[in-house]
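Down below is the structure, laid out as C-alpha cells.
The values are calculated or read from the model by the stated rules, or taken from the named source; none is laboratory data. Predicted, not measured: the structure shown is a model, and the values here were computed from it. Cβ coordinates were reconstructed from backbone atoms using ideal geometry, including for glycine residues, and neighbour counts include every protein chain displayed. Note: accessible area is taken over every heavy atom of the protein model, side chains too, but ligands, DNA and RNA are not part of it. Shrake-Rupley method; radii C 1.70, N 1.55, O 1.52, S 1.80 Å.
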Amino acid sequence: MSPLARRSSRIVWVWCVAYTAVATPPARERRRGEIRSHLWESEHLPLSPAAVVLAMLRGVLHDFGWALASGIPRLGRSFGTPTPYIVLAPLFPIEGWIVSALTVGRVAHIGEFVGATGGGSMLALAAAAWLLQRRRG
C-alpha cells in the first residue's frame, strides 16, 4: 500500500474515532467495525486515496447525524455527574492567561473575566452535581 493510501486511511480512521467517541461502547464498536471493513475494502480494491477521503467527506453529515442520535443523550446525562465540571475547571484559568497574554496593552477582554471566574464556577457546579447525585442515590 502506498504512503498516500495509508495516510488517507489514517485520516478516515481518525475521523471515525472522533465522531464515535460520544456513543455507547456497543454502538461505537459496531460503527468502528463498519468503518474498518470499508477501509479494508478500499485498500484491497483499486480505489485511489483521493476517492477514500472524498467518500469520507460525503458522509460527514451522516456521521454527525449518527453521533447525535447515538451519543448526545449519553453525553447530556454525563453532565449530571461532577466529572465533566472537574475536567473543565482547569481550562478556564489557562484560557484567561492566553487571552490576557494576547491582549497586553489593550482594553480588558471578556475572556480574562471568564478565565478568572470560570474555574471556580465549574468546581461549584461539580459540587452541586455531586450533592444532587448523593440525594438521588
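Of the residues that make up region 118-129, is at least one under 30 Å from V12 (Cβ atoms) and at pLDDT 85 or above? No: zero hits. Being at pLDDT 85 or above, in the same structural domain as S9 (by TED's automatic domain parsing) and in a helix (DSSP H, G or I) is a condition met by no residue of region 67-84.
Scanning region 97-119 for residues that are part of a helix (DSSP H, G or I), of a type in the set (G, A, S) and either touching an Asp or Glu at 6+ places or on another chain (Cβ under 9 Å) or open to solvent by 50 Å² or more (accessible area, probe 1.4 Å) (or both) yields S100, A101, G111, G115, A116, G118.
A count restricted to region 71-88 and to residues that are in contact with a helix residue (DSSP H, G or I) (Cβ under 6 Å, 6 or more places away or on another chain) and open to solvent by 80 Å² or more (accessible area, probe 1.4 Å) stands at 1.
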